[in-house]
1. Hey, can you tell me all the residues within the stretch 44-78 that are within 9 Å of the chain's Cα centre (by Cα) and of a type in the set (Gly, Ala, Ser)?
2. Just to be sure before I move on: is ALA76 part of a loop (DSSP other than H, G, I, E, B) and either among the aliphatic types (A, V, I, L, M) or at pLDDT 90 or above (or both) in the structure I sent?
Amino acid sequence: MADAGRMVHATTVLVRPPASEHPNQTTIMKLTAFALLAFTTLAVSSCNKEKAAIDARTDAAQNAIDHQKEAVDASAKEALTRTDANAEIDKANIEASKVSAQAQLDADKQKAEAEAVAAKARVDAEKK
């Protein structure tokens, strides 16, 4: 049985040399694993930062568009109010023009009637 223990130890030595014989290989593997983990972490965090930046730009663009829509709505309401006020002014001006024209026509009518009365009076005066 002592031979079996020696054989196991001999097999272990053949399969895996002691760490003291190759200290750089173990260190290199550990550093490689650590570097790979660090690179992966950096890449993932870089992607997350890029995605966050894209989201921030998208949100900013959407907010700007929303503000522009609000400004357009406000401008349209103001334009409608102004148009309504101008329409009222135009209606009042049209009505004033109508009243003025009717007054002028009434004056012309009265003048024509007065001229007719005066002409009749001349005719009557000439006959006598």
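1. If we filter the stretch 44-78 for residues that are within 9 Å of the chain's Cα centre (by Cα), which is where we start, we get 60-70.
Listed by number, the residues that qualify are ALA60, ALA61, ALA64.
2. The answer is no for ALA76.
The values are calculated or read from the model by the stated rules, or taken from the named source; none is laboratory data. Source: prediction; values computed, not measured.
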